[in-house]
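Just below is one structure, and these are the notes that go with it.
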Amino acid sequence: MTELKILAEGLRFPEGPVAMPDGSVALVELAAQEVSRIAADGTRSVIAKVSGSPNGLAVGPGGLFYLCNNGGFAWHEEDGLLRPSGQAADYSGGRIETIDPKTGAVTKLYDNVDGVKLKGPNDIVFDGQDGFWFSDLGKVRARDRDHGGIYWAASDGSKIVEAAFPVPGGANGIGLSPDGKVVYAAETETGRLWAWDIIGPGQVKKAPWPSPHGGRLVCQFPGFRRLDSLAVAASGNIVVATLVAGEITTVSPEGEIVDVVTMPDRMPTNICFGGDDLKTAYVTLSTTGKLAVLPWREPGLKLAHS
């Protein structure tokens with residue numbers, strides 16, 4: 001923590017950081033409805049304006065950004081802290097979009113699976129094999145909420161598959177093991193980290209009931225902790241942004257909590273790795289609107305298309 005520095009502030013609920021080769025960080029600002037770039041010196045510029053609400057972000061084929069758009073949140077701001085407070089009154093439906101970083105042009109790629117509308121796409125990771133996995137958190141309303149789910153889609157817009165459903169507490173962070181054979185997902189409200197063995201594009205090996213979605217439980221986080229996004233280290237460890245407690249938690253593939261780093265915000269939502277050795281961590285501190293940078297204990301996994 002003594003080495004943590006604030007690279008940028010004044011952001012409107014930042015998430016989805018992507019470390020770029022030039023040393024900048026692309027990220028989304030959910031409440032501003034923008035995809036932004038934070039230069040190495042902290043200077044902010046706008047890549048694209050996005051209707052709905054931008055959420056997860058990744059670089060895909062051809063250098064395009066692929067965006068999880070959750071369709072819109074209502075917002076609550078109090079004592080200098082900003083947080084989502086349910087589905088927006090003008091909610092426009094969940095979708096996956098691409099963004100041309102040169103022009104800012106936004107193009108819809110998917111908004112449904114076999115006629116079932118996406119609700120709140122949240123996080124995304126490319127598999128290096130012409131496709132990507134993404135999570136759908138669902139949407140929360142005053143008296144009810146959607147189930148979440150895990151999906152796979154072809155990068156060219158030709159195919160989308162519902163791989164695991166339902167994730168009752170909302171599917172949030174998603175990542176792949178270094179060998180690409182396991183997909184991990186964080187379930188927000190239950191504080192559970194799940195895994196599925198991949199047997200094909202959009203196909204996973206299902207554990208039997210009582211698993212609600214066929215996943216195998218990797219780790220049940222202790223106490224009142226909600227989970228957000230995650231990243232995978234080169235070692236195979238899973239690094240999870242942990243809400244309420246304000247922590248970044250490292251979990252081994254066997255489910256052991258091996259490291260906990262406290263953040264200066266109760267809602268650190270996302271982490272990514274950059275730098276030549278991938279040992280520089282960028283963390284979005286969302287309720288206070290900041291992007292933090294700090295050295296990390298181990299290198300992150302090099303992502304497809306990075």
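The values are calculated or read from the model by the stated rules, or taken from the named source; none is laboratory data. What you see is a predicted model; the values in this text were computed from it and never measured. Quick reminder, even Gly has a Cβ in these numbers, built from the backbone with ideal geometry, and neighbours come from all protein chains shown. When the accessible area is computed, the model is the full protein with side chains, heavy atoms only, and any ligands, DNA or RNA have been set aside. Shrake-Rupley method; radii C 1.70, N 1.55, O 1.52, S 1.80 Å.
So for region 132-143 (the condition being under 28 Å from residue 243 (Cβ atoms), out of contact with any strand residue (DSSP E or B) (no Cβ under 9 Å at 6 or more places or on another chain) and among the charged types (D, E, K, R)), does at least one residue qualify? Yes, region 132-143 contains at least one residue that is under 28 Å from residue 243 (Cβ atoms), out of contact with any strand residue (DSSP E or B) (no Cβ under 9 Å at 6 or more places or on another chain) and among the charged types (D, E, K, R). Just to be sure, is residue 85 assigned to a strand (DSSP E or B), open to solvent by less than 10 Å² (accessible area, probe 1.4 Å) and not basic (Lys, Arg)? So residue 85 does not fit the description; no. For region 262-284, give me each residue that is surrounded by 20 or more Cβ atoms within 10 Å (Cβ to Cβ), touching a residue at least 60 places away in the same chain (Cβ under 8 Å) and not in a loop (DSSP other than H, G, I, E, B). Across region 262-284, the qualifying residues are 269, 270, 271, 272, 273, 274, 282, 283, 284.
Pairing residues of region 101-118 that are under 25 Å from residue 37 (Cβ atoms) with residues that are of a type in the set (A, V, I, L, M) and open to solvent by 40 Å² or more (accessible area, probe 1.4 Å), at Cβ distances under 7 Å and at least 6 apart in sequence or on separate chains, gives no pairs at all. Annotation note: Cβ proximity below 6 Å between a residue of region 197-208 that is within 14 Å of residue 174 (Cα to Cα) and a residue that is open to solvent by 100 Å² or more (accessible area, probe 1.4 Å) and in a strand (DSSP E or B) (sequence gap 6+ or interchain) occurs for 197/205.
Considering each of 97, 77 in turn, give the residue that is within 27 Å of residue 131 (Cβ to Cβ) and at pLDDT 95 or above. Walk me through how you get there before you give the answer.
Details: 77 fails: within 27 Å of residue 131 (Cβ to Cβ).
It is 97.
For region 59-71, the condition of being open to solvent by less than 20 Å² (accessible area, probe 1.4 Å) and out of contact with any strand residue (DSSP E or B) (no Cβ under 7 Å at 6 or more places or on another chain) holds for at least one residue.
Select from region 76-105 the residues that are over 19 Å from the mean Cα position of the chain (by Cα) and among the hydrophobic types (A, V, I, L, M, F, W, C) and list them in ascending order. Result: 81, 88, 89, 105.
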